[in-house]
Each structure stands twice: as C-alpha cells, then as structure tokens.
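Notes follow the structure.
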Amino acid sequence: MAFDYSPYPYVPPPGLTAPEPRHKVAIIGAGPIGLALAVELANHGVASVVLDDNNVVSVGSRAICWSKRSLEILDRLGVGETCLAKGVTWKVGRTFHRDKEVFNFDLLPEDGHKMPAFINLQQYYVEEFLVARAQALGVDLRWKNKVTDVVQGADHARLTVQTPDGPYHLDADWVIACDGARSPVRTMMGLEFDGELFEERFLIADIEMQADFPSERWFWFEPGFHNGQSALLHKQPDNIYRIDLQLGWNTDPEVEKQPERIIPRIEKVVGHANFKLDWTSIYTFQCRRLKKFVHDRVIFVGDSAHVVSPFGARGGNGGLQDVDALGWRLAAVVMQKAKPALLAAYDQERCFGADENLLNSSRATRFMSPSEGAERLFRDAVLALAGKAAFARPMVNSGRLSRPCAYPLTGADDPALPMSARPGMVAPDAPLAQGWLSESLRGQMVILALNCPAPQIGITALQPEVTPLLAQRYLGQAAQALYLIRPDQVVAARWISPQANQIQAANRAVWEGH
C-alpha cells in the first residue's frame, strides 16, 4: 500500500500582522533531525519554532536504516516503540562476491538490550511519528515558511521568512540549521564544505513487491546480474524493498533515471518482473563537512553540517547523534543553567564524530569503487581470500555500519572497570528488575551506583539491583562501581570508590564543557 503523503495545513503566522516576541530557539527544517531536536528541547521544557518550506514529509524512503543507538534516542523522544513496531528488524548482514556468499555477520550477538541492532523504516514514517509527537508537545510547527535570509546580531539572529501570504521577520536567540545537505542557510552564510566528492554514481530504487527475501542486509561485489558492479538489497515495511546499484561515473544520470533503464536492471536482481517502482534517485558519493558547526548564534546539525555516502547508514544516524549531543546543552544554555560556552563542547564532540563517520565512509567508498592500481589489487585480493580465510573477512568493506563513537573524554576513570562502559561511550543498556537501564537514564545527569551507596549531592541517583548483565557490562572484576552519566546517556566519569568532591568536580566539568 502506497504511503499517503497528506499535506500538513499551512496556518498564517502571527508575524505577518504584528512583530512576534523573540523566540528562544528557531529550527529551520522539519526533517527527522529538526523534528527530533524540537521534541528533545520540549522534553527539557524549552519551546522552539520549526520552519519548513514544504508541507509534507520527505518523498521517498531516503534514510531507512536506523541503528540501535538511534532507536534509543527515538525512544527517549517518545517514538522509539512506534518505530520499532512499524519497522523491519534485522541484525544479520550477508556479503557476496560474484554469486558466492563469502561471509555474514551478526551486529547484536548478545541478548539483554531493549532495542535491536537495526530496523529498516522509511524516513517518511519517522518524520510522521515525530510530527505527531511534536504536535502533542505543543511545538510551533510552521509549514510553508521558507527562510530567505539570516542576519546575526550580538545576542540573537533575525530571519526573513517567506509564506504564501507574504514575508515576515522572526527573531530568535538561537537558530538551528537542520535544512539538509543542500542547506540554504549554509549558502546564505557563505560557508563551504571541506572534503571529498567521489567520482561514482549509484541508483537507489524502492520497489513494491511480494517476496520471501529474509530481513537481512545483502551486499554483492561484482555480481553477474549487474555487469560486475556492486549491489545492495534491504527489506522495508509495506512490501517495499530498497535496491542500490552501482552505475559508474561515466553514466548519464538523466538517462539512467528513466524507468525503461531502471526496470530491466531490477528484474535481474530480483529474478522476475512482478514489482512496481515506488521511488528512485541517483546520487554521487560525498564525504564532506563544515570546519565547525557552531557559528555564533547559528548552529548546524545533521546533513547541513556533514554529508557521507549512504553505505554504513551514517547519515540519519549521525544526525540523531548530533541532536543527542546538542539538545541537553542548548536547553541548559537557554534556561540559563549553563553558559553559552557549553555549546563549544557540542562542536568539538560532533566534529570528532563526523570525522569518524567520514573516515569510515571514505574507506568503504574506496573499497567499493577502487582506483586502478594498488587499491583495486588490494580489493580483489581481499575478496578472493574472504571466502576461504577468516582473517580476510574483516577487511571486506561494504560500509562499516553506524555505531556511536567514543568521545575522547579526559574525566575520571578506573582501568579495572570494563572497556565497554568507559568514559566517552554511550552507557550500554541492560535489563533491570523492572524495565531497562536505558529508560532510567533520560534527560538528566544520573549517578549510577552499583553495590555501593550514592552520595546525596543534588544529582539524581539510581541504585538498581545488580543483575548478571549489569555486573558484566559495568563492574567487570570489580565488586562495586559508581558512574556519572550525562543527560545524553554518555558516561562522563566512573570510579570504584569515589569521594563526593570527585563526583561534584566531574559534574561541574560536564556543565562547563570540559
């Protein structure tokens, strides 16, 4: 059943008839990243206005692979279980060379996590769920409100906004650009991406068909059905399948987007003609980012700040990790619980995260589309060995799938505690006597005390019964431990036997952006 792209209603904004009071936060772009940030801020008690030049969700599935970390973030925003119920859950990936499977992998080989490794869910569903959540929270969503100019002042920015009824001005203390890879705000401010544009083209095709393909990721190198170029297959809800086909740089995108060119290619992949085209697009690889994401009163988030190739599912997932790092900090600044300097920590951490995504994406691109010479010799040798020798399989690169990066924090740590929960990493989930640990670490600083008392120092304390999985993931060989966990569920510091002043110092460092 085709998705119903019902338009959201345009409502004339108050700024058309009288100057509006200054807004705390204006978010430009109502894609999944802008909507997620609006909901995150609302959960912290901060109102925002969201401006979008359109009035429907994104056309086409676009981002489809949502990682375990993204699902945990969406769960905190109130839509995780809705996404999970609609999405296609998967964790197994299979890699083929020509027509032979060379290896497979399991992204979540252990139990004891609320969320699965990945789900496949079309971006338009994620946006629809987030719009409903934002509306329920009273977020000011303004459709058909196109930002045409941004002028920064000393303590705010002024936006010029075009509507079907004419233009108006809107002032905001903070402006968040979530307006995508072709960001008009970035262009208005004269900012350029740094990085690489790869000379390769890929076709994305969403098709509707009845089939018995399993809920797995299948990737082919040099398959016989596609002239020796790479191909990818994913299952989505509603009997929609995503197919990615490498085309080569010398192809004409205007010719290749024609259905009479696309349909025969897909027939060779699926083995029959019983399907219907749902959406298609042709894209080139890009691995680029802004030098910095915070520009005085304008902050860039998601694809407006960085773009990567789609292999590895690092675009939408990386954008949600931006929201994760920014939301609590921006809320604290807006509510005057922290100084604006705290936002520099967002810039530092997410530039680090973007660089990790760019590195992984670039490596995948070079493996999938190697240059003649050493790159191709290496790629071909690895593929030839992977079906026979286990040591070669980790070198096969069809896209290292998105995982949250470990931020390079310098806070307190005890090397005797497990590496899986070290400072800078997202606190790993585990079942509690009731519910999940991830559900108890939401939106505030938390002291997680295991087999020891939590000091009463004005920070929310959690002292759960220590189950075997909690002990495995947080204690290792230690008898007790105490963790300081940030509002974004990242471990800030940890100790085996801390003093109260150590915890207080670590807490101050977080809110000061250190």
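Things to note:
- Within region 198-250, the residues that satisfy the criterion of being in a helix (DSSP H, G or I) and either out of contact with any helix residue (DSSP H, G or I) (no Cβ under 6 Å at 6 or more places or on another chain) or within 23 Å of Gly87 (Cα to Cα) (or both) are Gly224, His226, Pro237, Asp238, Asn239.
- Residues (surrounded by 24 or more Cβ atoms within 10 Å (Cβ to Cβ) and among the acidic types (Asp, Glu)) located in region 53-91: Glu72
- Qualifying positions in region 483-503 - crowded, with 16+ Cβ neighbours inside 10 Å and of a type outside the set (Val, Ile, Thr): Tyr483, Leu484, Arg486, Pro487, Asp488, Gln489, Ala492, Ala493, Arg494, Trp495, Pro498, Gln502
- Taken as a whole, the structure places Arg473 among residues that are of a type in the set (Lys, Arg), within 28 Å of Asp322 (Cα to Cα), outside the structural domain of His44 (by TED's automatic domain parsing) and not in a loop (DSSP other than H, G, I, E, B).
- Residue match in region 161-183 (condition: surrounded by 16 or more Cβ atoms within 10 Å (Cβ to Cβ), over 30 Å from Arg366 (Cα atoms), modelled with pLDDT of 95 or more and acidic (Asp, Glu)): yes
- Residue count for region 267-309, restricted to those that are at pLDDT below 95 and surrounded by 23 or more Cβ atoms within 10 Å (Cβ to Cβ): 5.
- The lone exception for Val126 - which of (1) in a strand (DSSP E or B); (2) touching a Pro at 6+ places or on another chain (Cβ under 9 Å); (3) surrounded by 17 or more Cβ atoms within 10 Å (Cβ to Cβ); (4) not hydroxyl-bearing (Ser, Thr, Tyr) it fails: (1)
- For region 12-115, the helices (runs of 4 or more DSSP H) that sit wholly inside it and include 1 or more residues that are at negative phi and in contact with a Pro (Cβ under 8 Å, 6 or more places away or on another chain) are 68-77, 80-86.
- Residues that are among the polar types (S, T, N, Q) and at pLDDT below 95 were ranked within region 323-381; the one that is nearest to Leu130 (Cα to Cα) is Asn357.
- Summed over region 264-308, residues that are in a helix (DSSP H, G or I) and over 17 Å from the mean Cα position of the chain (by Cα) total 7.
- Qualifying residues in region 468-482 (those that are at pLDDT below 95 and more than 13 Å from Pro428 (Cβ to Cβ)) - the one surrounded by the most Cβ atoms within 10 Å (Cβ to Cβ): Pro468
- Count - residues of region 357-378 that are surrounded by fewer than 21 Cβ atoms within 10 Å (Cβ to Cβ) and either among the basic types (Lys, Arg) or under 16 Å from His306 (Cβ atoms) (or both): 5
- Selection status of Ala454, crowded, with 17+ Cβ neighbours inside 10 Å, not in a helix (DSSP H, G or I) and not basic (Lys, Arg): yes
The values are calculated or read from the model by the stated rules, or taken from the named source; none is laboratory data. What you are looking at is a predicted structure, and each value in this text was computed from that prediction instead of being measured. Positions of Cβ are backbone-derived with ideal geometry, glycine not excepted, and every protein chain shown enters the neighbour counts.
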